[in-house]
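Q: There's a structure below that I have some questions on.
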Amino acid sequence: MIADGVEDEEKWLAAGIAGLQQNAFYMHRALDSNNLRDALKYSAQMLSELRTSRLSPHKYYELYMRAFDELRKLEMFFKEETRRGCSIVDLYELVQHAGNILPRLYLLCTVGSVYIKSKEAPAKDVLKDLVEMCRGIQHPVRGLFLRSYLAQVSRDKLPDIGSEYEGDADTVVDAVEFVLQNFTEMNKLWVRMQHQGPTREKEKREKERSELRDLVGKNLHVLSQIEGIDLDMYKETVLPRVLEQVVNCKDEIAQYYLMDCIIQVFPDEYHLQTLDVLLGAFPQLQPTVDIKTVLSRLMERLSNYAASSADVLPEFLQVEAFSKLNNAIGKVIEVQPDMPILGVITLYSSLLTFTLHVHPDRLDYADQVLGACVKKLSGKEKLEDKKATKQIVALLSAPLDKYNDIVTALKLSNYPRVMEYLDSETNKVMATVIIQSIMKNKTRISTADRVEALFELIKGLIKDLDDAFHDEVDEDDFKEEQNSVARLIQLLHSDDPEEMFKIICTVRKHILGGGPKRLPFTVPPLVFSSLKLVRQLQGQEENPFGEEESTTPKKIFQVLNQTVETLSNIPAPELALQLFLQCAEAANDCDLEPVAYEFFTQAYILYEEEISDSRAQVTAIHLIIGTLQRMHVFGVENRDTLTHKATGYSAKLLKKPDQCRAVYACSHLFWVDDQDNVKDGERVLLCLKRALRIANAAQQMSNAARGSAGSVTLFVEILNKYLYFFEKGNPQITVAAIQSLIELITTEMHSDSSTLDPAADAFFASTLRYMEFQKQKGGAIGEKYEPIKV
């Protein structure tokens with residue numbers, strides 16, 4: 001059926017074009033022979049094709065444009081006729097004898113255009129006559145196109161100020177009256193289209209009306225171009241008359257389109273000075289009109305106007321633009337109780353953007369907007385509508401983008417209250433936006449109160465807002481989120497130690513509730529921030545008025561001990577062990593032996609009870625040895641206890657090569673360069689001999705299991721340790737011991753059962769070259785190495 005209708009329409013259009021072209025041909029022939037009577041006869045017949053009711057507006061437009069082109073030629077002919085002496089008044093009378101009203105009015109408009117140009121009568125009289133005569137056509141489509149033609153031929157002939165057709169003192173009023181009258185009649189015809197035809201074709205009619213809307217809107221554009229319309233006339237006449245028509249037509253499509261037209265075509269300063277009148281029309285519009293979009297566009301235009309020049313800002317204050325817009329939005333929401341929450345948020349988002357552009361210094365205005373938004377959201381569950389949540393993110397991002405400073409946003413009391421209405425996913429998105437803003441602008445947040453407010457805002461990243469952690473959360477996204485929180489913690493800083501300690505305690509309070517998945521990301525940066533504060537306080541005199549009132553390293557270490565313990569409970573023993581060792585090293589620098597010993601004890605307990613993986617044990621024991629070697633705070637007894645334990649752990653590792661490397665590493669615990677009281681040559685030698693025995697056992701096990709002796713790498717590594725302590729002046733490391741070890745390695749490498757290992761060979765060769773080099777150096781070192789035969 002639809003296909004048949006389209007086909008029929010194409011036939012009717014083709015027939016209309018054919019009839020039009022045929023009569024146009026005869027009209028041209030009459031024009032060429034200067035035969036006025038025939039020209040009028042054939043032009044009327046040509047224009048009769050426009051009387052059809054069978055075509056859709058789209059197809060009718062095609063026909064109309066062909067007729068329009070022909071009428072241009074006819075108008076030129078009429079001009080020539082008047083030059084040849086034909087009376088334009090007679091011509092104006094003559095065309096009114098055409099049989100049908102539609103061709104008669106098209107011809108009348110065409111001659112009317114020439115009549116105004118001739119200036120034989122005032123332009124206002126001719127225009128008034130034409131606009132009244134056009135009332136004869138009440139068919140919506142035919143009437144719209146006729147009046148569009150009238151607007152087209154008259155737009156450059158209006159009696160405007162400065163125009164060649166300017167009339168008496170009221171000349172601008174006449175021009176405005178003509179355009180307004182034509183606009184009013186066209187709008188009535190356009191609206192009438194909606195009510196013609198069966199209900200089932202409603203969508204089709206709306207589509208057709210949408211195609212014709214620019215014909216109506218063109219009148220408003222013409223109005224905006226009239227030079228004589230000043231602010232007073234716009235305020236007193238033009239805007240009230242246009243709005244009266246918009247409100248009274250009670251048509252959803254017309255009201256939306258025309259309000260948008262008014263906002264787009266008239267100057268921004270006019271909108272600003274007539275805000276009362278313009279905004280007063282919004283609550284009177286039909287409930288189904290998309291007011292949020294139109295109002296948002298108005299606020300956007302005013303925002304851009306404010307941004308264009310600082311000189312216009314006093315005007316905004318003078319007319320109280322913010323309060324007027326705020327009240328108007330309140331009234332619109334009140335008269336449209338069914339307005340979706342998306343619409344409400346969009347309106348407040350636009351108002352906030354306007355406020356930030358026009359009144360950036362008035363934080364109370366911005367907070368008022370957010371407060372109004374909270375009021376509308378109250379009583380509702382967390383938003384599930386994706387578009388609405390996206391709009392809230394835009395609303396909350398606006399202050400960050402404007403001020404480039406989260407500290408300013410933190411002053412808005414309603415900011416966190418709006419965030420509460422976001423679902424957990426969007427809350428995370430917003431929290432990420434806030435953190436990115438802080439990092440991008442390198443914002444300094446230096447008080448505990450602000451940190452508290454900030455962490456309330458980003459709680460979506462710090463803990464699960466729902467009852468359970470969702471398994472479907474993408475692992476990479478989760479890591480990225482937590483890394484951003486970790487970076488944020490590192491940025492928090494205050495030069496005042498008391499305040500910094502408060503910040504650390506505030507952050508700790510928030511992150512400890514983050515659950516086992518988050519703590520490994522968030523605890524380390526907090527620990528290192530705390531250690532930074534310890535370094536800052538290092539060597540500072542304790543407060544003589546009592547420890548309670550001041551921040552001391554001891555106090556910070558107590559907090560650190562409790563904080564790192566949470567990691568061992570989740571469990572993340574390897575990370576906890578590393579952090580305990582870091583804390584021990586800081587306590588060492590502060591000369592707090594009991595504190596350092598406690599941290600080492602905690603690390604050892606973790607090693608014994610929680611770390612069972614052999615690779616993790618190897619890493620942990622080397623960390624323990626490395627940290628312990630740097631400690632200078634311990635007395636003999638404590639150091640012996642810890643060293644003995646570390647040596648014991650080393651010998652109990654699962655794999656022989658790991659055992660060997662850990663044991664020879666322990667040798668450094670008995671010989672520390674900058675500590676004279678830690679230089680026990682005998683125990684160094686004992687460690688190295690023990691390492692040799694383990695390396696030998698590893699060779700034998702390899703021989704038994706694989707039939708080959710394995711690599712000599714361990715022996716070469718031990719040789720290097722011998723050389724290190726030899727150079728450092730350990731009297732227990734003798735030339736004979738080094739010589740026998742070199743021979744042992746050489747023998748092993750050349751034995752039939754040894755495994756070919758190029759890396760070990762190269763390592764050994766490099767060690768021998770180093771010894772040669774030391775010999776050639778001369779001096780004390782050269783003398784030491786001289787007896788060794790390489």
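The values are calculated or read from the model by the stated rules, or taken from the named source; none is laboratory data. Model, not experiment: these values are computed from the prediction. Quick reminder, even Gly has a Cβ in these numbers, built from the backbone with ideal geometry, and neighbours come from all protein chains shown. Surface accessibility is based on the protein's heavy atoms, side chains included, excluding ligands, DNA and RNA. Shrake-Rupley method; radii C 1.70, N 1.55, O 1.52, S 1.80 Å.
Q: Anything in segment 284-302 that is in a loop (DSSP other than H, G, I, E, B) and of a type in the set (Ser, Thr, Tyr)? List them, or say none.
A: Once the filter is applied, which keeps residues that are in a loop (DSSP other than H, G, I, E, B) and of a type in the set (Ser, Thr, Tyr), segment 284-302 yields only THR288.
Q: At pLDDT below 85, surrounded by 14 or more Cβ atoms within 10 Å (Cβ to Cβ) and assigned to a loop (DSSP other than H, G, I, E, B): does that describe ASP471?
A: No: the conditions fail for ASP471.
Q: Just to verify a result, which residue in segment 309-340, among those that are not acidic (Asp, Glu) and not in a helix (DSSP H, G or I), is nearest to the chain's Cα centre (by Cα)?
A: The extreme case among them is PRO340.
Q: Could you tell me whether segment 275-293 includes any residue that is on the phi > 0 side of the Ramachandran plot and either surrounded by 16 or more Cβ atoms within 10 Å (Cβ to Cβ) or out of contact with any Phe, Trp or Tyr (no Cβ under 7 Å at 6 or more places or on another chain) (or both)?
A: The first filter runs over segment 275-293 and keeps only residues on the phi > 0 side of the Ramachandran plot, leaving none.
No, segment 275-293 has no match at all.
Q: Need the failing condition index for MET771 against (1) touching a residue at least 40 places away in the same chain (Cβ under 8 Å); (2) open to solvent by 70 Å² or more (accessible area, probe 1.4 Å), just the number.
A: Against the list (1) touching a residue at least 40 places away in the same chain (Cβ under 8 Å); (2) open to solvent by 70 Å² or more (accessible area, probe 1.4 Å), MET771 comes up short only on (2).
Q: In segment 644-666, how many residues are open to solvent by 40 Å² or more (accessible area, probe 1.4 Å) and small (Gly, Ala, Ser)?
A: Our first condition is that a residue be open to solvent by 40 Å² or more (accessible area, probe 1.4 Å); within segment 644-666, this holds for 644-645, 652, 654-657, 661.
Of the ones still in play, those that are also small (Gly, Ala, Ser) are none.
Of the residues in that region, 0 qualify.
Q: Scan segment 139-159 and tell me whether some residue there is surrounded by fewer than 23 Cβ atoms within 10 Å (Cβ to Cβ) and more than 18 Å from ASN219 (Cα to Cα).
A: yes
Q: If you go through segment 707-727 one residue at a time, do you hit one that is assigned to a helix (DSSP H, G or I), open to solvent by 40 Å² or more (accessible area, probe 1.4 Å) and modelled with pLDDT under 95? Walk me through it before giving the result.
A: To start, the set of residues in segment 707-727 that are assigned to a helix (DSSP H, G or I) comprises 713-727.
Still in the running and open to solvent by 40 Å² or more (accessible area, probe 1.4 Å): 720-721, 724, 727.
The next check asks that each one be modelled with pLDDT under 95; those that pass are 727.
Yes, there is a match, as at least one residue in segment 707-727 is assigned to a helix (DSSP H, G or I), open to solvent by 40 Å² or more (accessible area, probe 1.4 Å) and modelled with pLDDT under 95.
Here is a yes/no grid of residues against (1) of a type in the set (Ser, Thr, Tyr); (2) out of contact with any Phe, Trp or Tyr (no Cβ under 6 Å at 6 or more places or on another chain); (3) surrounded by 18 or more Cβ atoms within 10 Å (Cβ to Cβ):
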| site | (1), (2), (3) |
| --- | --- |
| VAL433 | no, yes, no |
| SER437 | yes, yes, yes |
| ILE445 | no, yes, yes |
| ALA448 | no, yes, yes |
| ILE462 | no, yes, yes |
| VAL485 | no, yes, yes |
| LEU491 | no, yes, no |
| MET500 | no, yes, yes |
| LEU519 | no, yes, yes |
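Q: When THR355 is evaluated against the numbered criteria (1) open to solvent by 30 Å² or more (accessible area, probe 1.4 Å); (2) at pLDDT 90 or above, which criterion, by number, is the only one it fails?
A: Here THR355 clears every test but (1).
Q: Within segment 176-187, identify whether any single residue is crowded, with 18+ Cβ neighbours inside 10 Å and touching a Pro at 6+ places or on another chain (Cβ under 7 Å), and answer yes or no.
A: no
Q: Here is a follow-up. Out of the residues in segment 75-120 meeting the condition of being hydroxyl-bearing (Ser, Thr, Tyr) and out of contact with any Lys or Arg (no Cβ under 8 Å at 6 or more places or on another chain), tell me which one is farthest from LYS157 (Cα to Cα).
A: SER87
Q: Looking at SER163, SER210 in this structure, which one is surrounded by fewer than 16 Cβ atoms within 10 Å (Cβ to Cβ) and of a type in the set (S, T, N, Q)? Lay out the reasoning, then the answer.
A: Numbers: SER163 fails: surrounded by fewer than 16 Cβ atoms within 10 Å (Cβ to Cβ).
Of SER163, SER210, the one residue that is surrounded by fewer than 16 Cβ atoms within 10 Å (Cβ to Cβ) and of a type in the set (S, T, N, Q) is SER210.
Q: Something else now. Could you please let me know if VAL429 is at pLDDT 90 or above, under 24 Å from ALA372 (Cβ atoms) and in contact with a helix residue (DSSP H, G or I) (Cβ under 9 Å, 6 or more places away or on another chain)?
A: Details: at pLDDT 90 or above: no; under 24 Å from ALA372 (Cβ atoms): yes; in contact with a helix residue (DSSP H, G or I) (Cβ under 9 Å, 6 or more places away or on another chain): yes.
Against the criterion (at pLDDT 90 or above, under 24 Å from ALA372 (Cβ atoms) and in contact with a helix residue (DSSP H, G or I) (Cβ under 9 Å, 6 or more places away or on another chain)), VAL429 does not qualify.
Q: Among the residues of segment 680-696, which ones are open to solvent by less than 30 Å² (accessible area, probe 1.4 Å) and either closer than 21 Å to HIS750 by Cβ or aliphatic (A, V, I, L, M) (or both)?
A: Matches in segment 680-696: VAL684, LEU685, LEU688, ALA691, ILE694, ALA695.
Q: So, one more: Counting only residues that are more than 57 Å from the chain's Cα centre (by Cα) and either free of Cβ contacts under 8 Å to residues at least 40 places away in the same chain or under 20 Å from VAL172 (Cα atoms) (or both), how many does segment 98-135 have?
A: 17
Q: If we only count helices (runs of 4 or more DSSP H) wholly inside segment 201-283, which ones have 2 or more residues that are under 21 Å from MET299 (Cβ atoms) and hydroxyl-bearing (Ser, Thr, Tyr)?
A: Once the helices (runs of 4 or more DSSP H) in segment 201-283 are filtered for at least 2 residues that are under 21 Å from MET299 (Cβ atoms) and hydroxyl-bearing (Ser, Thr, Tyr), what remains is 252-265.
Q: Here is a follow-up. Would you be able to tell me the number of residues in segment 139-161 that are in contact with a Lys or Arg (Cβ under 8 Å, 6 or more places away or on another chain) and either in contact (Cβ under 8 Å) with a residue 40 or more places away in the chain or closer than 14 Å to PHE183 by Cβ (or both)?
A: Final tally of qualifying residues: 5.
Q: Looking at the structure I just gave you, is ASP260 within 25 Å of VAL312 (Cα to Cα) and either out of contact with any strand residue (DSSP E or B) (no Cβ under 8 Å at 6 or more places or on another chain) or surrounded by 15 or more Cβ atoms within 10 Å (Cβ to Cβ) (or both)? Write out each step before concluding.
A: Numbers: within 25 Å of VAL312 (Cα to Cα): yes; either out of contact with any strand residue (DSSP E or B) (no Cβ under 8 Å at 6 or more places or on another chain) or surrounded by 15 or more Cβ atoms within 10 Å (Cβ to Cβ) (or both): yes.
In short, yes.
Q: Report yes if some residue within segment 583-602 is part of a helix (DSSP H, G or I), open to solvent by 80 Å² or more (accessible area, probe 1.4 Å) and in contact (Cβ under 8 Å) with a residue 12 or more places away in the chain; otherwise report no.
A: no
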